[in-house]
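Here's the structure, in structure tokens; my notes come after.
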Amino acid sequence: MKEHIKDNLMNFFIIVTLVNIVIFICGSLFAPDQKITYSAFLVPILDGLLGIIPGLVMYSKRELTLKQMIVRNVIQLLSIELIILLFTFGASGLKFQNLTLITAEAVSIAVIFVLVIVIRFFFDKKSAKIMTADLKAFQESLAAKEDQK
Amino acid sequence: MNINVKKIGETEEEYIEIGCHVRDGRINDIVRFVENLDGNISGTKGEKKYAIPVTEIFYIESVDNKSFIYSSKDCYETTGKLYEFEELLKGRNFLRISKSVVLNIMKVESIRPALNGRFSCILRNGEEVIISRKYVNAFKEFISKKV
């Protein structure tokens, strides 16, 4: 459980950073003259919080297989899409007229979701490299001790 | 149960003899304990019984309440429970890496990330075993303390 909360906390900070970047890129491209208020700074934080809810709820003590994990990630992505789209547009705002905006937001959510997984993978890759180096050092020191005997 | 310890001459080979009415689970536990202390774990393959040197074990896995010992090429069934092996082999660089696997870290060639915060250990014989998320921190700590 502790690891699960830590994982989600890390995801939260990654999401907040990525949402900031997405707002900057999309804003610069599509609405460069748009004036924003201080409340806009809350958007990434709220998106981050909403984005980790499905992950927090879908906690499983069981070790999942690769297939189960993929299914779980798809369900998680769809839940996040639904939660954030409802939060942004409201139930009444999800109309055909807003299709371009809805699609743009949905794509952004999917991109951020994938990026979180990729970034976590690179963090893990770094950890794995350190673990392998430590392990090698330990195995060599033990082998040297054995040789001395 | 009476315990007799007899000193023997330097030239004689050391031995342990157990006198029992029936060879039951209790006696088997004692035999297994002594064998483990001696650096071997007993396992069966087919009808044959083997004494597997601890240094040759890659990992021990528990499947459906049965434990299996994996060496470089062979797999042996054993009567011991996984938690017993975890306890017995603690001082011999064996570590629990998931609910069902105790791994000999001396047989690990490299570690790489698997999906969802898990890690995969590539063993010297090319096999892969997964370190589950729950055990990752303990694994990291264990290795960093050893260096």
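The values are calculated or read from the model by the stated rules, or taken from the named source; none is laboratory data. These numbers come from a predicted model, not from an experiment. As a convention, Cβ positions derive from the backbone with ideal geometry for all residues, glycine included, and neighbour counts pool all protein chains shown.
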For segment B:17-38, name all the residues that are under 13 Å from the mean Cα position of the chain (by Cα) and either surrounded by 13 or more Cβ atoms within 10 Å (Cβ to Cβ) or touching a residue at least 60 places away in the same chain (Cβ under 8 Å) (or both).
B:ARG32, B:PHE33, B:GLU35, B:ASN36, B:ASP38
May I ask you to say which residue of A:ILE84, A:ILE70, A:ILE53, A:ILE80 is hydrophobic (A, V, I, L, M, F, W, C) and within 14 Å of chain B (Cβ to nearest Cβ)?
A:ILE70
Identity of the residue in segment B:122-147, surrounded by 15 or more Cβ atoms within 10 Å (Cβ to Cβ), more than 9 Å from chain A (Cβ to nearest Cβ) and of a type outside the set (Val, Ile, Thr), that ends up nearest to A:THR65 (Cα to Cα)
B:TYR135
Taking A:ASN98 and the conditions (1) surrounded by 14 or more Cβ atoms within 10 Å (Cβ to Cβ); (2) touching a residue at least 12 places away in the same chain (Cβ under 8 Å); (3) more than 14 Å from chain B (Cβ to nearest Cβ), which numbered condition does it fall short on, given that it satisfies the others?
(2)
Quick check: anything in segment B:92-104 at pLDDT 90 or above, more than 14 Å from chain A (Cβ to nearest Cβ) and out of contact with any helix residue (DSSP H, G or I) (no Cβ under 6 Å at 6 or more places or on another chain)?
no
Per-region count, segment B:44-76, residues within 22 Å of B:LEU95 (Cβ to Cβ) and either in a strand (DSSP E or B) or touching a strand residue (DSSP E or B) at 6+ places or on another chain (Cβ under 6 Å) (or both)
16
